[in-house]
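Heads up, the thing below is written out as structure tokens.
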Amino acid sequence: MSDAASPKPSSPPQARAGKSDGRIAQRFRKLAESGELGLVAYITAGDPSLDATEQIVLAAAEAGADVIELGVPFSDPVADGPTIQRASERALRSGTTLAGVIELVRRLRAQTDVPLVLFSYFNPILQMGIEKFAAAAAAAGADGVLATDLTPEEADEYRSVVHARGLDTIFLAAPTSTDERLALISECSSGFLYLISRTGVTGERDALPEDLPALARRVRRFTKLPLAVGFGISQPAHVSVLGGIADAAVVGSALVAEIEKAATADDAAAAVANRIRILKRAAREGISRRSAESK
Amino acid sequence: MSYVAHVVRERGRYGPYGGRYVPETLMAPLEELERVYAEARADRNFQAQLDDLLKNFAGRPTPLQFASRLTEHLGGARIYLKREDLLHTGAHKINNCLGQGLLAVRMGKKRVIAETGAGQHGVATATVAARLGLSCTVYMGTEDMERQRLNVFRMRLLGAEVIGVDAGSRTLKDAINEAMRDWVTNVRTSHYLLGSVLGAHPYPMIVRDFQKIIGEEAREQILRIEKRLPDHLFACVGGGSNSIGLFHAFLSDASVKMVGVEAGGRGKSLGEHAARLSAAEGFTGARPGVLQGTYTYVLQTADGQIATTHSVSAGLDYPAVGPEHAWLADQGRAVYTAVTDQEAIDAARALARTEGIIPALESAHAVAELVRRAPEMKKDEIVILNVSGRGDKDMETLARYV
């Protein structure tokens, strides 16, 4: 009766694979050398069309985004707030599929060296088939994969298949994660570790949570991987303080909101690039991790 | 055929189905819930408190009624009705709400969140929250708020906040998405009181355990009345909580056949029905996949987007099914079938006129399948059908069809 590959239950964590010399690792090394906070830009692919996304991503990379997360739209994005929900709906209405997003990666890779991460809910990956997905994503030139609703416990097969193709597996850590879970998440992650700044869904907020520095310090006890902090990061003021505690800031809803407001793809690309330049400037001029640590 | 899922295997797997597919933020609370539930089960006081509420507040045990006129009308098997419709709030949902409500109190959570389709789970949650002194927020698709208006009013009267969800198909699936977003945001202070055998482990196990009292009572009652086990069990399957509740106590009784009845809606193509396990009858679009925390049969497109569904019954109008049902179906331990909107409406009328019971439209689906099959059964065969809820909430819909 079953015609989709069932996800295999997991056994103890395997040794970390992924690419220590991949584009993601290289970019974070460079950032570390200059003591500069990185900027990870999330963009929902296919919103409002894959052609527009191509243009927007190139503009974002040109403006200084260090890593691009391409969001694969899903009908039921439980981890996302209203802004990315609406973007997902627009992307699905324009006919975007996971296969289409991978094809976009291929087109982008011919034009830019910016690290590209596919950011998806698990079901579209599972329906394509994990093996077929990993092979296609790697061949297209993707560097990493993040599956929002896949935690290490359910990810053994996924990890070994994705690593075998030389892609990094990025997992999420959350404020509610116990020390045991942080150890497991660190063990299973490669490329960087994505720390969710607060309990909640994606979306812009005014202030960073007060307990974020302590949370980031706790996570660092378990990993040497670069730490990217996301959820609710949108303003230069956020970015300028994050330099003291993280290696990168993830900005998503704020960029997606610019795309939503823009009348044309040209306008969207210009608005996203402008936002990234402002945030990047704040990152360069703000507290760097090196200066924070030397105090 | 042996069925060995009485003990949930590691991380809540039923064969390949089940599991725990959620954003990381929810992992620690799910682990906490699993731990607290295990402690509660071992705690005699907890069970005594639950038993007292089930008896004196909800009205258990419910009768197992011999449906003499329906039996005569259909001319086949002897039909017994398990009368969950007689429970306080009008459906089996209260069984689970009382259990989880006590768990919320045990965890020190002052607020419960729920999703609701037909409104029965929302009403039961609002009721239990009022009884236990918890605050309560219920998410409900705006399409469902329209067709189950009376239940919206009931929830508000009970002090619950009802929030309309205007996304997707504006039904149960979308209400669950929004409830999960609330939970992920307020996870430290709120318990998500999920209403069916859906979602990430341990929910399918916990809800099943709180609902299995239906079958345990029915088994004891039929043995007392007929001095033997039934031949057939019938129940409707939305998420699958009333059906798993009836089936579970009989899983080791190899002679007892089980029929789960899904919503066949108004057609067999994707989008027109909510039949996840009835592919053999030509209902298209169901494949194993991950939705809202669990791996199970899901109605979806080729590239993994979740499909919209249709059913006249809000409580069955959902694209996935509880993972334990997926496993029971694969094993052939239970069989699943679907009836149309119109058949369910006709069956509701038939039960009303033969037995004086107006069933919920959900339960009417099970009645409709029984109406099909009972005439071909022998007169000494015994059927138990779960009347999971009463139809008061469906008067406006029924009035349009009848």
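The values are calculated or read from the model by the stated rules, or taken from the named source; none is laboratory data. Bear in mind the structure is a predicted one, so any value in this text is a computation, not a measurement. Reconstructed Cβ throughout: ideal geometry from the backbone, glycine too, with neighbour counts over all protein chains shown. Just the protein is used for accessible areas: all its heavy atoms, side chains included, with ligands, DNA and RNA removed. Shrake-Rupley method; radii C 1.70, N 1.55, O 1.52, S 1.80 Å.
Quick look at the numbers
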quantity	calculated
Charge context of B:GLN65, other residues only, Cβ under 10 angstrom, K/R +1, D/E -1	+1
For the protein assembly as shown, alpha-carbon Rg over 2.2 N^0.38 Å	0.99
Solvent-accessible area, 1.4 Å probe, carbon plus sulfur percent, for the protein assembly as shown	51 percent
Residue-by-residue Karplus 3J(HN,Hα) for region A:141-153, coefficients 6.51, -1.76, 1.60, Hz, glycine and proline x	x, 6, 10, x, 9, 10, 10, 4, 9, 10, 9, x, 4
Set A:LYS224/B:LYS109; B:LYS55/B:LYS378; A:LYS261/B:LYS173; B:LYS82/B:LYS109; B:LYS268/B:LYS378; B:LYS109/B:LYS173 screened for pairs whose C-alpha atoms are more than 27 Å apart	A:LYS224/B:LYS109; B:LYS55/B:LYS378; A:LYS261/B:LYS173; B:LYS82/B:LYS109; B:LYS268/B:LYS378
Computed accessible area, B:LEU33, all protein chains, 1.4 angstrom probe, square angstrom	0 Å²
Most mobile of B:ALA374, B:ALA175, B:ALA338 in a GNM of chain B (Cα contacts under 10 Å)	B:ALA374
For A:PHE28, solvent-accessible area (1.4 Å; no DNA, RNA or ligand), Å²	20 Å²
Summed side-chain charge close to B:LEU33 - residues other than B:LEU33 whose Cβ falls under 12 Å, Lys, Arg +1, Asp, Glu -1	0
Threshold 10 Å², region A:122-154 residues less accessible with all protein chains present than alone (1.4 Å probe)	A:PHE122, A:ASN123, A:PRO124, A:LEU126, A:GLN127, A:THR148, A:ASP149, A:THR151, A:GLU153, A:GLU154
Whole-Å semi-axes of region A:23-293's equivalent ellipsoid (Cα gyration tensor)	25, 22, 17
In Å², nearest 10: area of B:SER255 left accessible to a 1.4 Å probe	70 Å²
Threshold 40 Å², region A:161-177 residues less accessible with all protein chains present than alone (1.4 Å probe)	A:THR176
Accessible area of chain B divided out per residue, in Å², using a probe of 1.4 angstrom	33 Å²
Centroid-to-centroid separation of region A:216-242 and region A:28-50 [C-alpha atoms, Å]	13 Å
